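The values are calculated or read from the model by the stated rules, or taken from the named source; none is laboratory data. Quick caveat, the model's predicted, so the values are computed rather than measured. Just the protein is used for accessible areas: all its heavy atoms, side chains included, with ligands, DNA and RNA removed. Shrake-Rupley method; radii C 1.70, N 1.55, O 1.52, S 1.80 Å.
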Amino acid sequence: VQALAPAPAGHHRPRKDRRPRRERLRSGGLLGAAPQGGAGRAPPAAFGLGEGIRVSGTDHLLASAIVSFADGPFAALIAMYIATALLTELITNNAAAALMFPFGLSLAEKLGVSPMPFCVAVMFAASASFATPIGYQTNLMVYGPGGYRFGDFLRAGIPLQISAAIVRKMAPALAEWP
């Protein structure tokens with residue numbers, strides 16, 4: 001009789017999936033639901049870390065270091081773009097933007113220029129993840145099924161990253177910078 005009674009609210013025990021592992025991966029793999037775990041927690045954690053960087057003054061410290069070796073605002077802008085592009089190859093684009101945004105604002109403030117080109121540099125560099133399969137979801141989606149190797153992404157991605165930097169960022173920055 002108790003087996004026929006419904007379970008009390010909040011006491012639901014999920015049914016164990018008895019399908020073979022390969023079949024479970026196929027049905028909920030890359031095109032299915034997101035895997036459970038820490039993958040979805042990285043961008044919110046990066047937002048908190050970005051705010052911590054700003055509040056602690058680390059952004060001003062790094063901005064001072066970049067200003068000391070950069071020869072003018074354009075060189076600092078290139079350094080900002082390169083740093084963000086390297087970071088976005090290792091973590092998600094949202095996390096890279098959240099981490100680098102405070103540095104861009106501080107760098108513009110130290111140089112006494114408009115922060116807009118630095119914000120745009122962070123935005124474009126964070127969205128241009130071409131050189132590794134782990135930098136963006138679609139890269140990872142084609143990595144295994146396409147039979148690509150890590151070196152394939154480097155060979156095609158680095159020239160694409162360089163051309164994207166030139167076309168997307170450097171030409172508009174020259175046109176609108178004071």
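On the principal axes of its alpha-carbon atoms, the stretch 45-158 has extents of 48, 30, 20 Å, going from largest to smallest. Of the residues THR138, THR88, ranked by 1.4 Å probe accessible area with the largest first, the sequence reads THR138, THR88. Measuring only protein heavy atoms, the 1.4 Å probe finds ILE91 accessible over about 50 Å². For TYR136, the accessible area of its heavy atoms, probed at 1.4 Å with every protein chain present, is near 90 square angstrom.
With a 1.4 Å probe and all protein chains in place, put THR84, THR92 in order of accessible area, largest first. Before the final figure, lay out each step's value.
Details: THR84 0, THR92 50 Å².
Ranked from most to least accessible, the order is THR92, THR84.
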